[in-house]
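The structure under discussion appears below in the form of structure tokens.
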Amino acid sequence: MASRDSEFLKNFWIPSYVLVPEPATESSQIAGGDGPKCPVLVFANSKSGGQLGGDLLKTYRALLNEKQVFDLGEEAPEKVLSRVYANLERLKTQGDQLAIGIMESLRLIV
């Protein structure tokens, strides 16, 4: 059952190099593989909802790449989106097919 769950979660998981600039070695290793079908960025407010926001952050960070889950109390969404899209554009100009696919199908969960 856990294997099936991890396969399902790959549909949403974004590699770290796409989210934050890192050495090209990681991107070249991942770029050739299949990307997520529905990549997501998650934004939650840890201080809202009777502190349920903090629980949501923990859950999403446990299920996804923790670098694709953001606390609205720590970072404004426009700054996150600007940074992520700038990195996606940079990778796109380098011909990174995984980044191009993510850019075309990226979804937000708020």
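Quick note: the coordinates plus some simple rules give every number you see, no bench work behind them. Treat the numbers as computed from the prediction; the structure is a model and nothing was measured.
Using only Cα atoms, find the angle between the long axis of helix 77-93 and the longest principal axis of the chain, and express it within 0 to 90 degrees, rounded to the nearest 10.
Once rounded, one gets 10 degrees.
Taking springs between alpha-carbon atoms closer than 10 angstrom, which of Leu52, Leu72, Leu91 fluctuates most in the Gaussian network model of the chain?
Leu52
Given the -39500 (n - 2.57) contribution per DSSP H run of 4+ residues, what per-residue ellipticity at 222 nm results for the chain, rounded to the nearest 500 deg cm²/dmol?
After summing the helix terms and dividing by residue count, I get -15000 deg cm²/dmol.
Which of Ala86, Ala76, Ala99 moves most in a GNM of the chain, Cα contacts under 10 Å?
Checking each option, the largest mean-square fluctuation is seen for Ala76.
Work out from phi, with θ = phi - 60° and the Karplus expression 6.51 cos²θ - 1.76 cosθ + 1.60, the ³J(HN,Hα) of each residue of region 99-108, listed in order in whole Hz, and give x for Gly and Pro.
5, 4, x, 5, 4, 6, 10, 4, 10, 10
In Å and whole numbers, how far do the C-alpha atoms of the chain stretch along each principal axis, longest first?
On the principal axes, the chain reaches 44, 38, 22 Å in Cα extent.
Search the structure for amide H atoms under 5 Å from the amide H of Phe43, placed 1.01 Å from N in the peptide plane, and list their residues when 5 or more places away or on another chain.
It is Phe70, Ile109, Val110, by chain and number.
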